[in-house]
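For reference, the structure discussed in these notes is given below.
Rule-based calculations on the coordinates, nothing more; no lab input. What you are looking at is a predicted structure, and each value in this text was computed from that prediction instead of being measured. Virtual Cβ from ideal backbone geometry, glycine too; neighbours counted across all protein chains shown.
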Amino acid sequence: MSSLALPAPMIKIRSETIAWGLAGLAVLILVVILGGPLLAILSQAFFDPKANVWGLGSVRAVLNSPSLLQSLVNSLQVALTSTAIVIPLAYLYAAALTRSTMAAKGLFRMLALIPLLAPSLLPGIALVYLFGNQGLLKSWFPDGSIYGFWGIVIGQVFFTFPHAMMILLTALRVADGRLYEAATSLGAGKTRQWLTVTLPSVRYGLLSAAVVVFTLVVTDFGVAKVIGGQFNVLALEAYKQVIGQQNFSRGAVIGLLLLVPAILSFVLDHYSQKKQQAMLSARAQPMQAAISTWRDRAALMFCVIVSGALLAILGTAIAAAFIKLWPYQMQLSLSHFNFDDVDGGGWAAFANSLKMSAWTALFGSILVFAGAWLTEKVAACQPWRQALHLLAMLPMAVPGLVLGLGYVFFFNHPQNPLNGLYGTMAILVLCSIAHFYTTAHLTAVTALKQLDKEFEAVAASLKVPFWITAWRVTLPICLPACLEIARYFFVATMTTVSAVVFIYTPETMLASVSVLNMDDAGDTAAAAAMATLIVASSAVACGLFAVISHFLQRRSQNWRIK
């Protein structure tokens, strides 16, 4: 039997070939689920269906439309106003968590992340119940002024606050205490210290947070759909053109317009990150916040107010789901959870969302981690590294609405051999993986870069196949990151609307889309009930992932415990 065994060099060559092929397969999958749809929407935007010719006819028609240009101006106004409100709030909140000694920091951090568990339509629904025509606080916005600019802005502030807060929290955590000691010894006051020490160290975090908030607001249509009234925005116009008028060519052109601010924001952020310098040296001393009674009380009061506002919006939507007839019959009732009695897909839509989120978490985590591991840790796969990283970063600059529209053009084309996927659960899973790929990829790469390259070098010298090293060493060490990726995929897929609103079918109706359809049909209370279920299921999923992570880490990572 030993005479039939392959020599060691042959085994190495075969292993490298397998690894190279697997990395190429990962790149090919990303080309199909990202590159194909984007090329499809580009080609559709330059096709004039009326004249049946290729050209700039559709683009000119959109650019010459006063209503479309007004929608673009409206989108920029909402995005700039929302960003101007969110960034100071998020900065002060993050500063309270990192630069004060106030109590209950963990609780306030958790409360600030609550909006991540809800679809973007939920704040719009809550604002209707609070300040709408029948709202409890309608006197705050007389003459129905909540239905328009300020309603969209308030909803977007709720929706984007946790994204900005997480970025600024990370930026403020990195601080060299020696700089503040030197500034104090030189007689610099608190204001001068903030201008000369704090601001330079967090300016890139502030810019990144502003870019993220601006892009999210420009490309989201959920809040505007519920509470925008006659105030039209660009993302909502794209939705109306495709769903309402079946004008796919015009929708594709608007999709390209949505790409412009997203790409510009991405380029600006990328350029600023290249200029960023390390603010924490190897000899840095961690900054320890000193006890200050007035500052800590002010920080606590500020966090109470902000988190209370977030809870008020979320709590209003949840309360509306259980109240019989707001605001006339305030008795508790479960009647709004009879989803089969209203338009929207019934309980099957909720079950479909759970299935889609579970499959996305499973296959998305495998694809992301395998692709990152092959290109970061296997030498034979290095030629694929730049291509995979470029494709992995692409979704950050592509709005979900644009990606979903691209899936319609790409997978619904009769000459596409993958046409059979259209209208199935599989295409929803693929679109969700593509939409949320960037954050998951960066998480995996960050975890893998923390591992010393000597692991692979030693394994190679001992003739250990690369997959054995990955299974016994790399995967157990990176297990927390893998579970975080899976949790992120599940929650993000559960709450997304824009990426899937164009590609679902009656058989694959989803809970988030069901919220949209029920609100359209006037069943606002039922929409609030379905949104409540999405929040609850996302929260339960986060809890389950936390328990699983704790259990598996105790079994596989005892070496971390000193």
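Numbers at a glance
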| quantity | calculated |
| --- | --- |
| Sequence of LEU63, LEU116 once ranked by neighbouring C-beta atoms within 10 Å, starting from the fewest | LEU63, LEU116 |
| 14 Å beta-carbon shell around ALA224, net charge (K/R +1, D/E -1) | -2 |
| Largest to smallest principal axis extent of the C-alpha atoms in the stretch 93-180, angstrom | 55, 24, 23 |
| Cα principal axis extents for the stretch 380-442, largest first, Å | 36, 26, 17 |
| Environment charge of GLY251, counting only residues whose C-beta is closer than 11 Å and scoring Lys/Arg +1, Asp/Glu -1 | +1 |
| Likely footprinting exposure, ASP520, ASP341, fewest C-beta neighbours within 10 Å first | ASP341, ASP520 |
| Cross-link table LYS355/LYS377; LYS240/LYS355; LYS105/LYS225; LYS138/LYS225; LYS105/LYS355; LYS138/LYS240, entries beyond 30 Å C-alpha to C-alpha | LYS355/LYS377; LYS105/LYS225; LYS105/LYS355 |
| Rounded to whole Å, sorted largest first: equivalent-ellipsoid semi-axes of the stretch 297-393, Cα gyration tensor | 45, 26, 9 |
| Residue order, fewest to most beta carbons within 10 Å, for LEU236, LEU113 | LEU113, LEU236 |
| Peptide ranges 219-226, 441-448 listed from the most packed, as the mean C-beta count within 10 angstrom indicates | 219-226, 441-448 |
| For ILE323, distant residues with modelled amide H under 5 Å away | SER333 |
| Summed residue charge, Cβ within 11 Å of ALA103's Cβ, Lys/Arg positive, Asp/Glu negative | +1 |
| Cα-derived Rg to Rh of the stretch 53-131, Kirkwood definition | 1.21 |
